[in-house]
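Notes follow the structure.
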Amino acid sequence: MPVHKVLYISGSIGLGHVIKDLAIANKLRAINRDAEITWIATNPATDYLVAKGESIHVLSHKFSSYSAFAEKSAARAKLNLVKYVLASLKGWYRNVITFRDIIRQEHYDVIVGNETYEILIGLIFRLIRFKTPFIIIYDFLGMDSMTKNPFERMVNYILNWIWSRDHTVMSSADRKSIFIGEPEDIPDKKFGFLLPNRREYAKTYFTFIGYIIRFNPEDYADRKAIREELGYEGNPLIICSIGGTSIGKSLLELCNSAYPILKSKIPRLYMVLVTGPRLAPASIKASPGIEVKGFVPDLYRHYAACDLAIVQGGFSSTLELTALKRPFIYFPIEGHSEQEYVSKRLSRHNAGFRMDESRTTPALLAEKVLKHLNESVSSKTLNTDGAKNAAEIIDQFLIDPGKEI
């Protein structure tokens, strides 16, 4: 049987995207044993893929780091996406040139890109052209200005105009835009003045695949067994995590400051701070009794064991907690319009309790922790067939790229 070569570009910030991408890749291999996947990614995604035994393209190191641009653009717990995009433009152009060199030199049967906006922009403005079947993956659509700054609003409008041109390069039979989630996850509003409605646009041009979870939540229903497996005792357990960038250091410091207050109320309380792959555990001056962990590959298992989680407003971590039906408090990165969409999605699913870091004191956080610790959760049951559905689309492109799906 011929080998089906897939070039998979895992873009965007942190680890959430690559976790979903690997779930898709594993489903693809399950239905197509001839699929050979080569990855392009930047850290921390590259290290995650290597640890999982994946094959990284030799030119992947030439891609500019999405997470590094985000960290440079952030100020404490705030990240303006427009500022991030502007800081990324030179790197995005370098990524387009590297991508162009790769596809000129090598043959692939399909290319998959998760939030590879630079490739979309390159196609729209004809910086690159290629005939290889191409699939792009989104989990949000459109940007919103988070300030009244006229320049930011102008840049935001231009970016949304570009995004609303996706269909001009992605509507042929050998190209497809897919969306992780449901139509209701997309704001029912226009991209901008004289631009189309975002939700209606997506319903017209995108394929919705449902959500992606890398595990079966039913396998983690027995919390006592999970705790024993992970070495946690029966004490009340709080997991505090900031995901795949260093932007949330101040959130961990806030949790650390709330710990003595909580400990005075719950003497047996056990708190774990998870710094992730891009923040050194030693940079956190933890109070006595707190455990600090670095990168935890299967963090969802610790979520399953906890009585409460405190996290940022990232899509993947909050989705995993929702699927596990664990109580959690989340802090969207302020100024990050995508995490505002995540917050609205969580409200629709009746999951999590939102707080804003700039308005939260250690005493207030402790008060909310005491209120929500180990509370019963009645969040919506999610459609988590997204990885399977995406894999089937990729497989169809490998078998018959010209067939309408």
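For residue 33, indicate whether it is part of a helix (DSSP H, G or I), more than 21 Å from the chain's Cα centre (by Cα) and assigned by TED's automatic domain parsing to the domain that holds residue 394. No: the conditions fail for residue 33. A single member of 282, 225, 221 is among the small types (Gly, Ala, Ser), modelled with pLDDT under 95, more than 30 Å from residue 173 (Cβ to Cβ) and not assigned by TED's automatic domain parsing to the domain that holds residue 390, and it is 221.
Of all the residues in the stretch 46-60, those that are out of contact with any Ser or Thr (no Cβ under 8 Å at 6 or more places or on another chain) and touching a residue at least 12 places away in the same chain (Cβ under 8 Å) number 5. The number of residues in the stretch 307-333 being crowded, with 18+ Cβ neighbours inside 10 Å and more than 15 Å from residue 242 (Cβ to Cβ) comes to 8.
Restricted to the stretch 149-169, and to residues there that are within 30 Å of residue 400 (Cβ to Cβ) and surrounded by 19 or more Cβ atoms within 10 Å (Cβ to Cβ), the residue that is nearest to the chain's Cα centre (by Cα) is 163.
Listed here are the residues, each with its yes/no results for (1) crowded, with 20+ Cβ neighbours inside 10 Å; (2) touching an Asp or Glu at 6+ places or on another chain (Cβ under 8 Å); (3) touching a residue at least 60 places away in the same chain (Cβ under 8 Å); (4) in a helix (DSSP H, G or I).
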{"residue": "341", "(1), (2), (3), (4)": "yes, yes, yes, yes"}
{"residue": "345", "(1), (2), (3), (4)": "yes, yes, yes, yes"}
{"residue": "351", "(1), (2), (3), (4)": "yes, no, no, no"}
{"residue": "358", "(1), (2), (3), (4)": "no, yes, yes, yes"}
{"residue": "369", "(1), (2), (3), (4)": "yes, no, yes, yes"}
{"residue": "380", "(1), (2), (3), (4)": "no, no, no, no"}
{"residue": "383", "(1), (2), (3), (4)": "no, yes, yes, no"}
{"residue": "390", "(1), (2), (3), (4)": "yes, no, yes, yes"}
{"residue": "394", "(1), (2), (3), (4)": "yes, no, yes, yes"}
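Considering only residues that are in contact with a strand residue (DSSP E or B) (Cβ under 8 Å, 6 or more places away or on another chain) and of a type outside the set (Val, Ile, Thr), look in the stretch 109-122 and name the one that is surrounded by the most Cβ atoms within 10 Å (Cβ to Cβ). Among those residues, the one meeting the criterion is 114. Scanning the stretch 283-304 for residues that are in a helix (DSSP H, G or I) and farther than 26 Å from residue 364 by Cβ yields 300, 301, 304.
If the requirement is being buried (at least 20 other Cβ atoms within 10 Å of the Cβ), in contact with a helix residue (DSSP H, G or I) (Cβ under 8 Å, 6 or more places away or on another chain), outside the structural domain of residue 334 (by TED's automatic domain parsing) and farther than 21 Å from residue 25 by Cβ, which of these qualifies: 181, 142?
Numbers: 181 fails: farther than 21 Å from residue 25 by Cβ.
After applying the criteria, what remains is 142.
In the stretch 50-67, the count of residues that are of a type in the set (Ser, Thr, Tyr), surrounded by fewer than 16 Cβ atoms within 10 Å (Cβ to Cβ) and at pLDDT 80 or above is one or more. The residues in the stretch 200-255 that are acidic (Asp, Glu) and either surrounded by 21 or more Cβ atoms within 10 Å (Cβ to Cβ) or part of a loop (DSSP other than H, G, I, E, B) (or both) can be counted, and the count is 2. Whether a residue is among the basic types (Lys, Arg), over 28 Å from residue 9 (Cα atoms) and out of contact with any Gly (no Cβ under 6 Å at 6 or more places or on another chain) was assessed, and residue 388 does not pass this test.
The values are calculated or read from the model by the stated rules, or taken from the named source; none is laboratory data. None of the values given here were measured: they were computed from a predicted structure. Because the Cβ atoms are built from the backbone with ideal geometry, glycine has one as well, and the counts that use them run over all protein chains shown.
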